[in-house]
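Worksheet for the structure shown next.
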Amino acid sequence: AVLPWAQRVARSVSFRIYILVRSMLLYPWCSLLLATLGESFSHNESCTTKLTESDGPSMLQSLQRGRSMQITRASEQQNHTRAPCSATRRRMGVINPDDQTDITRSLNLQIEPNDNQAVYTGGKGIIFRNQNDGFHGLDGFVVVPGSFISNDLFMPNPTYAAGQTDTPQVGVILDDMDFLFGANVQEKDYNLGVFYASDANAVDQRCRYEGSDSRYDCRYMVPPLTDNGRGFIDASTGQFTSNNAAIGTAGFDMGNPYEGGGGGGTGCHFEVNGGGEAEINQLNAKDPNGVNLAKNLDCECQTSFVETADCDQFAYSGYNGGKGNCWEKWIQHWMDYGNLAFPVDIKMRDVAGCWMHSMRDMINLQNWFWLWAKYWTTDTDKKTYWGWNEIPIRTSYSNDPTNYVSMAIVLPVDAANLNSMATNYKTAVDTALAWYETNSYLKPGSGNIVNRPGSYITLLRQLENGDGNFDFQFYCESVSLGKYDIVYIPEDAGNPKGA
């Protein structure tokens, strides 16, 4: 719980027996002890061929940070077998029972991968949304970006950081994945979503394609909002016409436009030129057969790379014991035909980026971006790497505190806990919490533990494993920040849920 200074002074030992009772959070598994999460696997040296840099990125997957488990089709949900050479397992992310509550346990279960090692067949994950990302309170945003967190992902820095990956990020947790994306979001043939595997300027610098009018609807939504770049681009001629009736991709509802969704966040990347006109600047990478990174005028990702018999969407990126998921081919295609001097600045990925209709495809490409980082980008440091994805979600849903499981603080790489961080980082969290209180997303105090908006807050740490990959773990700790205290109420016999 977050406590303001005045209540902190009056706090006594008796306060620590507050019992958390919130019917919407009493998941069936709240009382279970979770022993491990976010499993990853070390390569068995006797089964791995030693390769050199000259073997290229397509070969280095056996030595890089990937997982090495046998994958079979999750559509046959039983009898997933492991490659014989991968019998040695290394479990990471052991839960410390002394820093958990029923809420952190349920969140850890929601981000836990399936033990059968088929991608995105375990927990459905959660959405982290930084409400203070610059879009709050602005008109015209039917959708805003959120970050999907799951231990099916293994790159660092999973949440939008505004270029400050060394600073803790404060946001809210949305966990009703069925409501947001449909109960079938994990199915093999799911196709209802709009998911970007990286930072993509999804709601602020993309033009929504309107096929019925053969035009792009463009509105530059980077604050402060102006009418520069607001209008329509003819899809045939590229001619821009200024028009304040244009709402931009952020003005459409979420969902795959080819499956009845509104297409909010879809479209091709654009910029505003010196004359105040919108120009499509989506990066192309066409091979001699005309195959590009995107497969249509909505700039949806090309999927022909992964629709062959040698590809398995349920295989983890980096798996080398049989069929892989093949999404590294998208990156290879970009490098082969993108006419850029690779490695490039990581921001170039925003301009080349495209959306996917499958969460699993997004996970696979997102992981490959990290595994092949040294080949395509100059920004490979784990502390500064832009690891997050970008998913357009309804603004009305993300702005409603009754939809929040908890607020959350995401720690940077190498931070074991918030207490160990320097004062300036704690001050940054303190300042962020003040913004959330001012904007009615936070109500400090022990009396607001069960309320939404309220005072419940969790922390997420990034745990690096021996493969250079990362697991994510929700936990709690008590921290004095300045204006606010974060108070952890441990589980005990009188308070079996903690807070």
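Cβ-Cβ under 7 Å, sequence separation 6+ or interchain: first residue in the range 242-256 and over 11 Å from A278 (Cβ atoms) and in a helix (DSSP H, G or I), partner among the basic types (K, R) and open to solvent by less than 10 Å² (accessible area, probe 1.4 Å). Which pairs?
T249/R206
In the range 297-319, which residues are assigned to a loop (DSSP other than H, G, I, E, B) and either over 23 Å from T266 (Cα atoms) or without any contact (Cβ under 8 Å) to a residue 12 or more places away in the chain (or both)? Steps first, answer last, please.
Step one: filter the range 297-319 for residues assigned to a loop (DSSP other than H, G, I, E, B), giving 297-299, 302-303, 307-310, 312-319.
Across the range 297-319, the qualifying residues are E307, T308, A309, D310, D312, F314, A315, Y316, S317, G318, Y319.
Taking the range 329-379 only, how many residues are open to solvent by 10 Å² or more (accessible area, probe 1.4 Å) and either basic (K, R) or part of a strand (DSSP E or B) (or both)?
4
Is one or more of the residues making up the range 440-459 open to solvent by 20 Å² or more (accessible area, probe 1.4 Å), assigned to a helix (DSSP H, G or I) and of a type in the set (D, E, K, R)?
Within the range 440-459, none of the residues are open to solvent by 20 Å² or more (accessible area, probe 1.4 Å), assigned to a helix (DSSP H, G or I) and of a type in the set (D, E, K, R).
Somewhere in the range 145-157, is a residue more than 14 Å from the chain's Cα centre (by Cα), open to solvent by 10 Å² or more (accessible area, probe 1.4 Å) and of a type outside the set (S, T, N, Q)? Full working, then the answer.
Residues of the range 145-157 that are more than 14 Å from the chain's Cα centre (by Cα), as a first pass: none.
No: zero hits.
Give the range 190-229 a look and list any residue that's hydroxyl-bearing (S, T, Y) and under 28 Å from F179 (Cα atoms), or say none. Before the answer, list the steps.
Within the range 190-229, the subset hydroxyl-bearing (S, T, Y) is 190, 196, 198, 209, 212, 214, 216, 220, 226.
Y190, Y196, S198, Y209, listed by residue number.
In the range 397-434, which residues are farther than 30 Å from D178 by Cβ, in contact with a Pro (Cβ under 9 Å, 6 or more places away or on another chain), open to solvent by 10 Å² or more (accessible area, probe 1.4 Å) and part of a helix (DSSP H, G or I)?
Y425, K426, A428 - these are the residues of the range 397-434 that are farther than 30 Å from D178 by Cβ, in contact with a Pro (Cβ under 9 Å, 6 or more places away or on another chain), open to solvent by 10 Å² or more (accessible area, probe 1.4 Å) and part of a helix (DSSP H, G or I).
Under 6 Å by Cβ, and 6 or more places apart or on different chains, what pairs join a residue from the range 483-496 that is under 10 Å from T101 (Cα atoms) and of a type in the set (A, V, I, L, M) with one that is outside any strand (DSSP E or B) and open to solvent by less than 50 Å² (accessible area, probe 1.4 Å)?
Taking only residues 6 or more apart or on different chains, the pairs are I489/G498; I489/A499.
Going residue by residue through the range 186-204, is there one that turns out to be among the aliphatic types (A, V, I, L, M), surrounded by fewer than 20 Cβ atoms within 10 Å (Cβ to Cβ) and at pLDDT 95 or above? So that I can check it myself, show each step before the final result.
First pass over the range 186-204, keeping only residues among the aliphatic types (A, V, I, L, M): 192, 194, 197, 200, 202-203.
Applying the additional criterion that residues be surrounded by fewer than 20 Cβ atoms within 10 Å (Cβ to Cβ) yields 192.
Okay, now just the ones that are also at pLDDT 95 or above, so 192.
Scanning the range 186-204 turns up at least one residue that is among the aliphatic types (A, V, I, L, M), surrounded by fewer than 20 Cβ atoms within 10 Å (Cβ to Cβ) and at pLDDT 95 or above.
Cβ-Cβ distance below 6 Å, separation of 6 or more or different chains: which pairs start in the range 447-462 with a residue that is more than 17 Å from F474 (Cα to Cα) and end on one that is surrounded by 23 or more Cβ atoms within 10 Å (Cβ to Cβ) and modelled with pLDDT under 95?
I449/A1; I449/A499
Would you pick out the residues in the range 166-181 that are farther than 22 Å from Y484 by Cα, of a type outside the set (A, V, I, L, M, F, W, C) and either under 14 Å from the mean Cα position of the chain (by Cα) or at pLDDT below 95 (or both)?
Residues of the range 166-181 that are farther than 22 Å from Y484 by Cα, as a first pass: 174-181.
Remaining after also requiring of a type outside the set (A, V, I, L, M, F, W, C): 175-176, 178.
The one that is farther than 22 Å from Y484 by Cα, of a type outside the set (A, V, I, L, M, F, W, C) and either under 14 Å from the mean Cα position of the chain (by Cα) or at pLDDT below 95 (or both): D175.
What single numbered condition from (1) of a type in the set (A, V, I, L, M); (2) touching a Pro at 6+ places or on another chain (Cβ under 9 Å); (3) under 17 Å from E390 (Cβ atoms) fails to hold for M335?
Result: M335 passes all but (3).
Among the residues of the range 384-396, is any open to solvent by 50 Å² or more (accessible area, probe 1.4 Å), touching a strand residue (DSSP E or B) at 6+ places or on another chain (Cβ under 8 Å) and closer than 26 Å to D178 by Cα? Before the answer, list the steps.
Restricting attention to the range 384-396, the residues satisfying the condition of being open to solvent by 50 Å² or more (accessible area, probe 1.4 Å) are 384, 394, 396.
Add one more test, that the residue is touching a strand residue (DSSP E or B) at 6+ places or on another chain (Cβ under 8 Å), and what stays is 394.
Restricting the remaining residues to those that are closer than 26 Å to D178 by Cα gives 394.
Within the range 384-396, one or more residues are open to solvent by 50 Å² or more (accessible area, probe 1.4 Å), touching a strand residue (DSSP E or B) at 6+ places or on another chain (Cβ under 8 Å) and closer than 26 Å to D178 by Cα.
Any residue in the range 476-495 that is buried (at least 18 other Cβ atoms within 10 Å of the Cβ), within 30 Å of G264 (Cβ to Cβ) and of a type outside the set (K, R)?
Looking through the range 476-495, none of the residues is buried (at least 18 other Cβ atoms within 10 Å of the Cβ), within 30 Å of G264 (Cβ to Cβ) and of a type outside the set (K, R).
The values are calculated or read from the model by the stated rules, or taken from the named source; none is laboratory data. Here the structure is a predicted model, which means the values were calculated and not measured. We place every Cβ from the backbone using ideal geometry, glycine too, and count neighbours over all the protein chains shown. Heavy atoms of the whole protein, side chains included, go into the accessibility calculation; ligands, DNA and RNA do not. Shrake-Rupley method; radii C 1.70, N 1.55, O 1.52, S 1.80 Å.
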